[in-house]
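The next block holds one structure in the form of structure tokens; read it before the comments.
The values are calculated or read from the model by the stated rules, or taken from the named source; none is laboratory data. Predicted model, so just to flag it, every value in this text is computed and none were measured. No Cβ is skipped: glycine too gets one built from the backbone with ideal geometry, and neighbour counts run over all protein chains shown.
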Amino acid sequence: MLKNIDPLLNADILHALCAMGHGDEVVICDANFPGDSVARQTVLGKLLRMDGVNAPRAVRAVLSVMPLDSFVEHPAARMEVVGDAAALPAVQREAQREVDDAEGRATPFAAVERFAFYERAKKAYCVITTGEARGYGCFVFTKGVQLATDTPEQS
């Protein structure tokens, strides 16, 4: 067991998040998303799972260890509701709160059309599927860098 690591972050997920570099993207998706087929086309090439948890909770877990990219306009994106691009379902509002809390500031989601979202997801580093049953619980996050404030002296 590790201290101060969200228990939802299993070894496979921690390994993938650690292996990602600045600018790589991770997809967190609902149970309706074609996660397996999309994940096979990603850099990692396999689906990662957080079964039994909703998407906002998964977002909280991932963002507890992964900084968002401060060099891009929208380091967080959501899948648009088909036919109503401005709609924000409850699952997206809840995830938005998790993002804002993790960042300590408002970090609004960019909206990505459904089929454009699928194409973007295929280019991601990895896909994490959740047990989220609500539709449109699909998000993309761009990894940033954690700037060191103190550099330890080498012996």
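Observations on the structure shown:
- Qualifying position, being charged (D, E, K, R) and touching a residue at least 60 places away in the same chain (Cβ under 8 Å), among ARG114, ARG78, ARG97: ARG78
- Among the residues making up region 33-79, those that are of a type in the set (Ser, Thr, Tyr), surrounded by fewer than 17 Cβ atoms within 10 Å (Cβ to Cβ) and over 12 Å from the mean Cα position of the chain (by Cα) are SER37, SER70.
Rundown of residues vs (1) part of a loop (DSSP other than H, G, I, E, B); (2) of a type in the set (Val, Ile, Thr), yes/no style:
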position: HIS74; (1), (2): yes, no
position: ALA111; (1), (2): no, no
position: GLU119; (1), (2): no, no
position: ILE128; (1), (2): no, yes
position: ARG134; (1), (2): yes, no
position: LEU147; (1), (2): yes, no
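- Reported count of residues in region 76-109, each being polar (S, T, N, Q), out of contact with any Ser or Thr (no Cβ under 9 Å at 6 or more places or on another chain) and outside any loop (DSSP other than H, G, I, E, B), is 1.
- Test for VAL53: is it outside any loop (DSSP other than H, G, I, E, B), closer than 14 Å to GLY137 by Cα and aliphatic (A, V, I, L, M): no
- Test: VAL82 is buried (at least 20 other Cβ atoms within 10 Å of the Cβ) and farther than 18 Å from GLU25 by Cα: no
- Among the residues making up region 59-70, those that are under 15 Å from GLU25 (Cα atoms) and at pLDDT 95 or above are VAL59, VAL62, LEU63, VAL65, MET66, PRO67, LEU68, ASP69.
- Scan of region 18-50 for residues that are free of Cβ contacts under 8 Å to residues at least 40 places away in the same chain, more than 19 Å from MET79 (Cα to Cα) and assigned to a helix (DSSP H, G or I), ordered by number: CYS18
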